[in-house]
1. Among the residues of the stretch 72-84, are any aliphatic (A, V, I, L, M), more than 30 Å from SER147 (Cβ to Cβ), within 16 Å of the ligand (Cβ to nearest atom) and without any contact (Cβ under 8 Å) to a residue 60 or more places away in the chain?
2. Go through the stretch 189-198 and report how many residues are of a type outside the set (A, V, I, L, M, F, W, C) and buried (at least 20 other Cβ atoms within 10 Å of the Cβ).
3. Scan the stretch 85-112 and report the pairs whose first residue is over 16 Å from ALA124 (Cβ atoms) and whose second residue is aromatic (Phe, Trp, Tyr) and in a helix (DSSP H, G or I), with Cβ atoms within less than 9 Å and a gap of 6+ or a chain change.
4. Check off (1) open to solvent by 70 Å² or more (accessible area, probe 1.4 Å); (2) part of a helix (DSSP H, G or I) for GLY204 and give me the number that stays unchecked.
5. Mind listing whichever residues of the stretch 139-159 are closer than 23 Å to ARG85 by Cβ and within 11 Å of the ligand (Cβ to nearest atom)?
6. Restricting attention to the stretch 126-137, report how many residues are of a type outside the set (Val, Ile, Thr) and either under 23 Å from THR233 (Cα atoms) or within 16 Å of the ligand (Cβ to nearest atom) (or both).
7. From the residues in the stretch 268-296 that are free of Cβ contacts under 8 Å to residues at least 12 places away in the same chain and over 20 Å from LYS243 (Cα atoms), which one is surrounded by the most Cβ atoms within 10 Å (Cβ to Cβ)?
8. Kindly list, by first and then second residue, each pair from a residue in the stretch 117-133 that is surrounded by 13 or more Cβ atoms within 10 Å (Cβ to Cβ) to a residue that is in a helix (DSSP H, G or I) and of a type in the set (A, V, I, L, M, F, W, C), limited to pairs with Cβ atoms under 9 Å and residues at least 6 apart or on different chains.
Amino acid sequence: MPRVIFHLDMDAFYASVEQRDDPRLKGKPVIVGASPDRRGVVCAASYEARAFGVRSAMPSRTAQRLCPDGVFIRPRMDAYRNESREIMARLATFGGQVEQVSVDEAYLDMSHRFEEFTREAVTALGREMKEVVRAERRLTASIGIGSNKLLAKIASDHGKPDGLFCITEEEKVAFLRPLPASAIHGVGKVTAEALATMGLRTIGEIQDFGGDLRAVAGSFAPKLKAYAFGNDTRPLDLDGEVKSISAEETFERDTEDRRILVPVLKEQAREIAGKLGKERLAARTVQVKVRYSDFKTLTRQTSVEESFESAETIYAIACAILRRERVVDRPLRLIGLGVSGLVPPSTQMVFEFGRN
Ligand SMILES: [Mg+2]
């Protein structure tokens, strides 16, 4: 039995839900996030808004400058979570194992449906799945198909939006060659830069490289080489545990002084970004935790649709949360920062830039 893995990724999920639920927003540049006069960030942008350069995690004010006619909408996380449950329930009806990666993304093991991996057969099933989502939820999904998770994810990124793309075993090595190294699972900004200093910018250059990759990739080197050839044995992760990375600091003396809080938050953001880099992950949610003198503790979070991995972005989102929630209105005993919604670093931007 061949291994047949699907990767389903909803297109501009939050914004598409808004456009579906309010037909007046169809065709408009929709920006889900803080209103531009409130110093928050963009959580998600419709394709119409992305055409102006609007991206998630950017300050709403910047988004408005780029896209003056953008329609700003407050995020409705409950609506997106409910929609996510509806979609995952539809996917479950196809009978394979499902690994939900995030609110709008899942891997499906469809091996049981096939005697043989042929493009015709697997894309027929992909079309059926897209049709179910379209007919029953009135939303578009992109689906990528391959013999493993790596290929399925690259295929769904490649076909976006409303994509249906398959990478067969015969063509995988040649297909991967021209793609940037950062398209490989686990290659974030730092590793991509290190590879570039060795002249390894494309996956093909990694395929051809005869030297030792450990200098730049450490213990990840053997996997990196295997991934470059489209080989990936990772099983679906079915335990569904919520993973997060966090840091917190209790002050010797309670404080609301920005001159103390700012460097602490920046350091926490750096520490978390470092751990993300080491784990070869990116995040989609930032959480801020504060504890007051009376031990009352609050947590507030924001999720954005495209993953981020840099300390700057983590810090910027944390600041947006603090301003929005006005939680630092009296001295703090503790401040903590965390990220969750952990996913492999996104390759979507790379493809978007590559196409324009
Ligand atoms: Mg998506």
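1. Going residue by residue through the stretch 72-84, those that are aliphatic (A, V, I, L, M) are 73, 77, 79.
Filter once more, so that each one left must be more than 30 Å from SER147 (Cβ to Cβ): 73, 77, 79.
Now narrow it down to the ones that are within 16 Å of the ligand (Cβ to nearest atom): 77, 79.
With the extra rule that they be without any contact (Cβ under 8 Å) to a residue 60 or more places away in the chain, the set shrinks to none.
Scanning the stretch 72-84 turns up no residue that is aliphatic (A, V, I, L, M), more than 30 Å from SER147 (Cβ to Cβ), within 16 Å of the ligand (Cβ to nearest atom) and without any contact (Cβ under 8 Å) to a residue 60 or more places away in the chain.
2. Filtering the stretch 189-198 for residues of a type outside the set (A, V, I, L, M, F, W, C) gives 189, 191, 193, 197.
Imposing the further condition that a residue be buried (at least 20 other Cβ atoms within 10 Å of the Cβ) reduces the set to 191.
Here the count works out to 1.
3. As it stands, the answer is VAL103/PHE13; VAL103/TYR14; VAL103/TYR80; ASP104/PHE13; ASP104/TYR14; ASP104/TYR80; GLU105/PHE13, since those pairs meet every condition given.
4. Result: GLY204 passes all but (1).
5. Quick first cut of the stretch 139-159, residues closer than 23 Å to ARG85 by Cβ only: 139-144, 149, 152-153, 156.
Residues satisfying the conditions are LEU139, THR140, ALA141, SER142, SER156.
6. Total meeting the criteria: 5.
7. Ranking the qualifying residues of the stretch 268-296, first place goes to LYS296.
8. MET129/LEU91; VAL132/LEU91; VAL133/ILE87; VAL133/LEU91
The values are calculated or read from the model by the stated rules, or taken from the named source; none is laboratory data. Treat the numbers as computed from the prediction; the structure is a model and nothing was measured. Using ideal geometry, Cβ is built from the backbone for each residue, glycine included, and neighbour counts are taken over all protein chains shown. Keep in mind that these areas ignore ligands, DNA and RNA; they rest on the heavy atoms of the full protein, side chains included. Shrake-Rupley method; radii C 1.70, N 1.55, O 1.52, S 1.80 Å.
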